[in-house]
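Working notes, structure below.
The values are calculated or read from the model by the stated rules, or taken from the named source; none is laboratory data. Small disclaimer: the values here were computed from a predicted structure and weren't measured. Cβ coordinates were reconstructed from backbone atoms using ideal geometry, including for glycine residues, and neighbour counts include every protein chain displayed.
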Amino acid sequence: METYDFDVVILGGGPAGFSAALYSARGAASTAIIDVSMLGGQPSNYLELENYPGMKKIGGFDLMEKFEEHADMFGVQKFPMQEIESVDLVSNPKVITTKEGIFKAKSVIIATGAKPMKLGVKGELEYIGRGVSYCAVCDGSFYQDKVVAVVGGGNSAVEEAMYLTKFASKVYIIHRRDELRADKIIQERAFKNDKIEFVWDSVVEEICGEDLVSYIVIKNVKTNDVTNLKTDGVFPYIGMLPNVDNINGQIKQDARGFILTDETMKTSLDGVYAVGDVRNTPLRQVITAASDGAIGAVYATKYVQAQKEVAV
């Protein structure tokens, strides 16, 4: 097993991770990105973005390809598809052990992002891949001329519902409140879409079917009425949880597990920074992730430089 030594190791290759890598490498720090999957993060699955400044409208994969190319200009080393066995943030240097190697770093930037929350209802786990999906771009084409239900009322839920209308004959948006949380411009587009029907003040109680999903049980939270809604697919978009399985217990986190940082993205441990969706932040967008990455990397490189000066 090979051992690597870097000034800065970044866990996660999404927008926060690539932004951090760019700033770290430009700060003359030897830099590596480690990811458990392919590089690009969640935005790689987005059909398009139209709120990243200067891009007007761009495919998510295309944008992340530009992020990666920019980081490559400054010699960032990349280690995708790494199965992580352990992460030691307390030791000095920090140590990340994967199936393929041991990575030592003076500073670690956590940019592992977040994953979709589960509904937590009967039938959800059983029907994953058989009618339950958390990625409309990945699976939408399987629902040509079928009926699907999107659960949630934020930007992701409404945007993915509109994307699904490219394939499905009908898309229900099920929301536990009587108004959406999505941006007004996104709401207006959804309200004008004839294929979308809203089911207000309702939650999913159960996902049912035989080999595939055929209907869901929904409950009106105001009247307590329970009804069955025929649908071929269910797409939950009710929020996110941080990817912190290898990090839990080493640094301060909030009740949901998101990492707590100060304004420099520093965590409760010296030399450890958290950026993007994995940290406790009021907004989770590509641009805020990239901004976090820049801030965290600047202060991580300052930390590394200070450590080198002390060692002299």
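Here are some notes:
Every residue, every condition in (1) buried (at least 22 other Cβ atoms within 10 Å of the Cβ); (2) farther than 27 Å from Asp139 by Cβ; (3) among the aromatic types (Phe, Trp, Tyr), yes or no:
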{"site": "Tyr215", "(1), (2), (3)": "no, no, yes"}
{"site": "Asn220", "(1), (2), (3)": "no, yes, no"}
{"site": "Val234", "(1), (2), (3)": "yes, no, no"}
{"site": "Asp262", "(1), (2), (3)": "no, yes, no"}
{"site": "Ser268", "(1), (2), (3)": "no, yes, no"}
{"site": "Tyr273", "(1), (2), (3)": "yes, yes, yes"}
{"site": "Asp277", "(1), (2), (3)": "yes, no, no"}
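- Taking the range 44-70 as the range and being of a type in the set (Asp, Glu) and surrounded by 13 or more Cβ atoms within 10 Å (Cβ to Cβ) as the test, the residues that pass are Glu48, Asp62, Glu65, Glu68.
- When the range 273-288 is filtered for residues that are farther than 12 Å from Glu263 by Cα and out of contact with any Asp or Glu (no Cβ under 6 Å at 6 or more places or on another chain), the ones remaining, listed by number, are Asp277, Val278, Pro282, Leu283, Gln285, Val286, Ile287, Thr288.
- Pairs meeting the criteria (first residue in the range 53-81 and over 22 Å from Ala297 (Cβ atoms) and modelled with pLDDT of 95 or more, second residue assigned to a loop (DSSP other than H, G, I, E, B) and not aliphatic (A, V, I, L, M), beta carbons under 8 Å, at least 6 apart or on different chains) are Met81/Asp35; Met81/Ser37.
- Residues located in the range 92-125, provided they are in contact with a helix residue (DSSP H, G or I) (Cβ under 6 Å, 6 or more places away or on another chain) and small (Gly, Ala, Ser): Ser107, Ala111, Gly113, Ala114
- Given (1) surrounded by fewer than 19 Cβ atoms within 10 Å (Cβ to Cβ); (2) over 24 Å from Trp200 (Cα atoms); (3) touching a Phe, Trp or Tyr at 6+ places or on another chain (Cβ under 7 Å), number of the condition Pro116 does not satisfy: (2)
- Qualifying position, being loosely packed, with under 14 Cβ neighbours inside 10 Å, touching a residue at least 40 places away in the same chain (Cβ under 8 Å) and in the same structural domain as Ala290 (by TED's automatic domain parsing), among Val9, Val90, Val36: Val90
- Positions within the range 115-152 being at pLDDT below 95, touching a strand residue (DSSP E or B) at 6+ places or on another chain (Cβ under 7 Å) and not basic (Lys, Arg), in sequence order: Pro116, Met117, Ser133, Tyr134, Ala136
- Condition broken by Lys219, with the remaining ones in (1) touching a helix residue (DSSP H, G or I) at 6+ places or on another chain (Cβ under 9 Å); (2) more than 21 Å from Gly17 (Cβ to Cβ) satisfied: (1)
- Output for the range 46-83, where each listed residue is assigned to a loop (DSSP other than H, G, I, E, B) and in contact with a helix residue (DSSP H, G or I) (Cβ under 8 Å, 6 or more places away or on another chain): Tyr46, Leu47, Glu48, Asn51, Tyr52, Pro53, Met55, Phe74, Gly75, Val76
- Of all residues in the range 160-194 being of a type in the set (Asp, Glu) and surrounded by fewer than 23 Cβ atoms within 10 Å (Cβ to Cβ), the one that is farthest from the chain's Cα centre (by Cα): Asp194
- Residue pairs meeting the criteria (Cβ under 7 Å; at least 6 apart or on separate chains; first in a strand (DSSP E or B), in the range 160-187; second polar (S, T, N, Q)): Val171/Thr165; Tyr172/Thr231; Ile174/Ser202
- Residue check for Ala16: outside any helix (DSSP H, G or I), modelled with pLDDT of 95 or more and surrounded by 23 or more Cβ atoms within 10 Å (Cβ to Cβ): no
- Qualifying positions in the range 244-256 - surrounded by 14 or more Cβ atoms within 10 Å (Cβ to Cβ) and either at pLDDT 95 or above or of a type in the set (Asp, Glu) (or both): Val244, Gln250, Ile251, Gln253
- Residue in the range 133-153 that is surrounded by 21 or more Cβ atoms within 10 Å (Cβ to Cβ), under 20 Å from the mean Cα position of the chain (by Cα), outside any loop (DSSP other than H, G, I, E, B) and of a type outside the set (Gly, Ala, Ser) present: yes
- Screening Val298, Val275, Val286 for residues that are in the same structural domain as Ile58 (by TED's automatic domain parsing), hydrophobic (A, V, I, L, M, F, W, C), within 30 Å of Val199 (Cα to Cα) and touching a helix residue (DSSP H, G or I) at 6+ places or on another chain (Cβ under 7 Å) leaves exactly one candidate, Val286.
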